[in-house]
Amino acid sequence: MNFLKKHRVAVIVVIASLGLFGLREYRCKLRGAAFSYQVESLKRDAAEELKIGTNKSGVTRFFSEHKIPFAILESEAYGSTQTSGCAPLGCGTNAAFIGVRVKLDGSGTVTEAPKVFGMYQDCL
């Protein structure tokens, strides 16, 4: 008991610090889960909406409806959107992006299943 009386301020600071650290970690895990959900949701939508044989207007509609800036270059449509998550150790920030790529033929028709991926931007 004497220890607590002598070091009351230090004990309070340690307890408060642990509480703040726990809250920060909890919020980080929520952001990480939201990022994973965004990636998985886009994968499902892309698989449904960008099936082999989908025409150029369907491809354009997919990117527009998901608010993903995109470009069609040669035989591929690709786009990405900025977001954030809970970056793993070794990353500078929580900045992330989700990318979508789909192969097209000469007329803009989908020829392969789309690829959707999520990445943190500034990891080592």
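Values quoted throughout were computed directly from the atomic coordinates according to the rules given, and no laboratory measurement underlies them. Remember, predicted model here, so these are calculated numbers, not experimental data.
Below is a table of values for the structure above.
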| quantity | calculated |
| --- | --- |
| Whichever aspartates and glutamates have a C-alpha closer than 12 Å to that of Lys103, once near sequence neighbours (fewer than 8 apart) are set aside | Glu74, Glu76, Glu112 |
| Length gained when the stretch Arg44-Glu65 is fully extended (0.36 nm per residue, less Cα-Cα span) | 6.1 nm |
